[in-house]
Structures are given as C-alpha cells and as structure tokens.
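Quick notes on the structure that follows.
Every number in this text was worked out from the coordinates using simple rules, so none of it is lab data. Fair warning: this is a prediction, and the values are worked out from it, not measured in the lab. All Cβ positions, even for glycine, are placed from backbone atoms using ideal geometry, and neighbour counts span all protein chains on display.
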Amino acid sequence: MEKKRARRRRDLLRMKQRALRIYPHDKNATQAEYLAVCSCWMCGNQRRNDWQPKIERLTMQERRFFGRV
C-alpha cells in the first residue's frame with residue numbers, strides 16, 4: 001500500500017511530465033495543476049453551461065434545498 005505523500009508526489013511528477021508535453025515552452029511546468037486546455041462540457045464547469053436545463057446545473061445540495069429531488 002502506497003502512502004499518501006508518496007502518491008501525491010508521484011502524481012505531481014506525472015502531471016508535470018504531461019504539462020511539459022502540452023506546454024513545451026514552460027520548462028518549470030507551472031501549469032501542471034491546471035491541464036484542462038479546453039472548455040467543452042466535459043472539461044469545463046458544468047454549472048456554467050447554458051445548454052443544460054437549470055435543474056441539471058444545480059448541485060445535489062441545491063436540489064434538496066429547492067425540493068426537486
């Protein structure tokens with residue numbers, strides 16, 4: 001079983017390697033935490049999509065509050 005800190009470090013190295021492939025000019029891989037390069041419905045914040053019905057843009061907590069679950 002891998003420890004949490006070791007897992008986070010390994011994931012950060014993996015993300016930095018991917019960031020260097022996407023942004024080769026960024027030698028320090030400063031964008032490693034933010035690799036979403038598009039804003040489509042799969043990558044972006046789904047609550048900001050206007051093409052979804054309003055009920056689908058609400059979180060489960062908001063749906064329960066408004067009584068629509």
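A few notes on this one:
- Cross-link partners of Lys54 among aspartates and glutamates (Cα-Cα below 19 Å; sequence separation of 8 or more within a chain): Glu62
- What the Cβ-Cβ distance of Lys27 and Glu2 gives, at R0 = 25 Å and to the nearest 0.05, is a FRET efficiency of 0.30.
- Rounded to the nearest 0.05, the FRET efficiency derived from the C-beta distance between Glu62 and Leu35 at R0 = 30 Å is 0.60.
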